[in-house]
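One structure below.
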Amino acid sequence: MGKINTIALKEAAGLIQDGDCIAFSGFTIWRRPVALCYELVRQGKKNLHLFEVQGGFHSEVLIGAGCVKMWEGSWMGQELLGKTGVNLSRKQCEGQIIVDDYSHGHAVARIQAGAIGVPFFPTALAMGTDILNPKYDGFARAGQRDGSDPYVAREKYKIVRDPFYDMGELLLMPAINPKVALVYAPLVGSEGTVRVLAQTYNDADVIKAAETVIVICEEIVPDEYLRRDPTQNLATGYEIDYVVKCPWAAHPTGSQYYYDTDADFLRNFNAATRTQEQFDQWADEWIFGVDSQEEYLQKLGAKRMELLRASQLLGYSTSVKRGTR
């Protein structure tokens with residue numbers, strides 16, 4: 001297979017063009033490609049189209065910074081640390097971003113269809129709900145479903161009758177094939193094999209569905225080591241286009257067996273970015289106030305990083321206080 005195409009963080013962000021459709025790895029507060037998203041903000045990317053089964057801190061940062069024109073997915077938030085994406089909500093209410101909602105199952109169906117190379121995925125999920133009410137089709141209201149954008153389906157869904165077993169009506173959910181997948185994984189092999197150390201979420205489908213895949217990782221290790229247990233691997237090097245080695249690239253989200261989710265950082269972010277002025281002040285400190293991931297980690301501090309560092313045996317930090325009964 002040959003060695004992987006390793007590039008620097010700034011170079012990876014430079015591959016993203018204004019207007020690109022992007023999907024991400026991870027789930028809510030775990031394994032998000034945050035360092036890449038910070039760099040997209042620094043480089044001033046605009047008019048991005050985000051497709052997510054569920055959004056989180058990484059996309060909140062891009063949205064707050066004005067990088068995003070369209071967002072579609074099933075949910076935006078950070079679990080108990082911030083149940084609502086305050087930046088998405090604010091910009092949606094102000095008419096600064098086009099939003100289209102799906103149920104979780106609908107979003108999964110769309111990325112699965114893209115992953116297996118079919119134009120749509122049949123399902124009966126969420127039928128009869130207002131998610132399928134045409135007047136709430138945000139992309140249609142904004143005139144985006146005219147066929148001019150290859151990443152926007154001409155219709156949000158289609159209802160058909162089952163022609164084979166007469167089981168009634170079904171939804172056909174259109175496939176999504178994002179232009180770029182930004183994926184965080186702790187381990188990448190020297191020939192591109194990708195491994196995560198906990199739940200894989202929708203990452204495999206995101207990788208298969210996207211036209212270009214950029215993986216940002218903690219470590220590059222011998223591929224031969226990862227191939228000893230192929231059942232533990234997420235993707236092969238044939239599916240990966242670029243790899244960026246960048247320690248702590250998922251912070252403040254967590255990476256199981258490497259570092260915990262930084263709950264205090266996320267809570268502070270949610271409280272400190274409820275207005276655009278507040279977000280801009282936060283970004284001046286944490287994004288524009290540093291020029292690299294190395295400077296970001298210096299600002300974060302060794303004490304905080306050591307607190308978050310995960311036990312190699314348990315997979316999570318034994319120092320973080322998690323509440324009392």
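The values are calculated or read from the model by the stated rules, or taken from the named source; none is laboratory data. Nothing here was measured: the structure is a model prediction, and the numbers come from that model. Heads up, the Cβs are rebuilt from the backbone with ideal geometry, glycines too, and the neighbour counts pull from every protein chain shown.
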**Item:** Which numbered condition Gln92 misses (of (1) part of a helix (DSSP H, G or I); (2) within 18 Å of the chain's Cα centre (by Cα))
**Value:** (2)
**Request:** Working only within the stretch 107-133, note down all residues that are assigned to a helix (DSSP H, G or I), touching a helix residue (DSSP H, G or I) at 6+ places or on another chain (Cβ under 7 Å) and modelled with pLDDT of 95 or more.
**Result:** Ile111, Gln112, Gly114, Ala115
**Item:** Residue list for the stretch 205-245, filter: of a type in the set (A, V, I, L, M) and either part of a strand (DSSP E or B) or surrounded by fewer than 16 Cβ atoms within 10 Å (Cβ to Cβ) (or both)
**Value:** Val213, Ile214, Val215, Ile216, Ile220, Val221, Leu234, Ala235, Val243, Val244
**Prompt:** Would you pick out the residues in the stretch 280-306 that are more than 15 Å from Leu266 (Cα to Cα), over 23 Å from the mean Cα position of the chain (by Cα) and either touching a residue at least 40 places away in the same chain (Cβ under 8 Å) or not in a helix (DSSP H, G or I) (or both)?
**Reply:** Gly289, Gly301
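Do the conditions hold for Pro163, that is, is it modelled with pLDDT under 95 and of a type outside the set (Val, Ile, Thr)?
yes
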**Asked** Hey, Leu80 hits all of (1) touching a helix residue (DSSP H, G or I) at 6+ places or on another chain (Cβ under 8 Å); (2) part of a helix (DSSP H, G or I) but one; which does it fall short on?
**Response** (1)
**Request:** Kindly indicate which of Gly189, Gly168 is more than 17 Å from His104 (Cα to Cα), surrounded by fewer than 19 Cβ atoms within 10 Å (Cβ to Cβ), among the small types (Gly, Ala, Ser) and more than 15 Å from the chain's Cα centre (by Cα).
**Result:** Gly168
**Prompt:** When you scan the stretch 22-60, how many residues do you find that are farther than 23 Å from Gln256 by Cβ, surrounded by fewer than 22 Cβ atoms within 10 Å (Cβ to Cβ) and of a type in the set (A, V, I, L, M, F, W, C)?
**Reply:** 1
**Request:** Would you check which residues across the stretch 14-26 are closer than 23 Å to Gly138 by Cα and in a loop (DSSP other than H, G, I, E, B) and list them?
**Result:** Asp18, Gly19, Asp20
**Item:** Matching residues, the stretch 149-165, being basic (Lys, Arg) and either surrounded by fewer than 21 Cβ atoms within 10 Å (Cβ to Cβ) or closer than 22 Å to Ile207 by Cα (or both)
**Value:** Arg154, Lys158, Arg161
**Asked** How many of the residues making up the stretch 27-53 are within 16 Å of Trp71 (Cβ to Cβ), in a loop (DSSP other than H, G, I, E, B) and either of a type outside the set (Ser, Thr, Tyr) or over 10 Å from the mean Cα position of the chain (by Cα) (or both)?
**Response** 5
**Item:** Filter result for Gly44 (free of Cβ contacts under 8 Å to residues at least 40 places away in the same chain and within 29 Å of Tyr157 (Cβ to Cβ))
**Value:** no
